[in-house]
Amino acid sequence: MATPWDSARTAPTSPLPAGPYAGDAGQFPPAPGWPDMGRAVHGQRRARRRHRWLRRTGAVLMGLFLIGALALGGLLLVTPSVADAPTRAQVIDQAHHAAYPGPPVPARFAASLVSTEDHRFYSEPGLDPFAVARLVAGRVTGRPDQGGATLYQQLAKMLYTPGRSGLAVQAEQVGLGIKLYLTFPPAQVLRMYADVAYFGHGYYGLAAASCGYFGVTPAGLSWPQAAMLAGLVQAPSADDPVSHFQIARARQSHVLGRLVATGTLTQSQAASAYREQLHLIGGPSTGCHA
């Protein structure tokens, strides 16, 4: 026989009242002042994911650093000594009937060259890590080389790897550039560079180019003249001011802009220098002795 207690045990449970939490079975809004546990758990999971990502990224960067350090050490082992760099520079100048050593590099030309070719020259250890990263990224993505070789690497190319190209040669130039940095002071590196660089129109060395283009010694170069000569080293034949004056002027403008960017000249000084007469003569002056 059924009893009142049996009916109480089998009676259906009353449904939850409708409301904003009716779809969350058995869940009610947290009491005021209580933490939102779901949001807290989500935040903890997100923090753990971020921590894992940081650890993995750090491990990858550390691995790349170690690989780079090992590769750099290998380069230094396989590349030759650069103690003979002055002798090589002298041989190059003798082959082109240029005086060696040439006169000291004047401040205006040095500033123009460094500003446009390697603005970290006085602080880098013979290579520019940012330029190396761009080179590697360009190789991986198939984009053309954006340049960025330091003056040390450019000098290594002129002295040790002339006429050669390719990734292995570029790597060799990196190693040689570091050794040039470790072996010679910056002033001597600039002087060797200025002595062996080709400036177009048959002029090898800064002294010959200064006399040939403007009829003055390097010490007498004005800002516009120094900027024009510094702009020639990348493409001396294409930028030859005697044969391609407007192209040379555009390159000169770029160098003056770099002098402004590096804080050597103000904008007004650079504009004034661009308007100055170049006094281009296109041939050696009888009063100039390279």
Among (1) aliphatic (A, V, I, L, M); (2) surrounded by fewer than 20 Cβ atoms within 10 Å (Cβ to Cβ); (3) in a helix (DSSP H, G or I); (4) at pLDDT 90 or above, the one test that L70 misses: (4)
Any residue that is surrounded by 18 or more Cβ atoms within 10 Å (Cβ to Cβ) and modelled with pLDDT of 90 or more - is there at least one of those in the range 124-135? no
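In this structure, is T266 within 23 Å of G126 (Cα to Cα), of a type outside the set (G, A, S) and modelled with pLDDT of 95 or more?
Values: within 23 Å of G126 (Cα to Cα): no; of a type outside the set (G, A, S): yes; modelled with pLDDT of 95 or more: yes.
So T266 fails the test.
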Across the range 144-164, which residue is surrounded by the fewest Cβ atoms within 10 Å (Cβ to Cβ) among those that are outside any helix (DSSP H, G or I) and at pLDDT 60 or above? G163
Unique match (being farther than 28 Å from Q90 by Cα and assigned to a loop (DSSP other than H, G, I, E, B)) among S253, S243: S243
Just for the range 165-179: of the residues that are more than 18 Å from the chain's Cα centre (by Cα) and part of a helix (DSSP H, G or I), which one is surrounded by the fewest Cβ atoms within 10 Å (Cβ to Cβ)? A168
Evaluate the range 77-97: report whether one residue or more is over 17 Å from the mean Cα position of the chain (by Cα), loosely packed, with under 13 Cβ neighbours inside 10 Å, at pLDDT below 65 and β-branched (V, I, T). no
So, first residue on the phi < 0 side of the Ramachandran plot in the range 253-265, second residue in a loop (DSSP other than H, G, I, E, B) and hydrophobic (A, V, I, L, M, F, W, C), Cβ within less than 6 Å, six or more apart or across chains; the pairs are L259/L265
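The values are calculated or read from the model by the stated rules, or taken from the named source; none is laboratory data. Quantities reported herein were computed from a predicted structural model and do not represent experimental measurements. All Cβ positions, glycine included, derive from the backbone under ideal geometry; neighbour counts span all protein chains shown.
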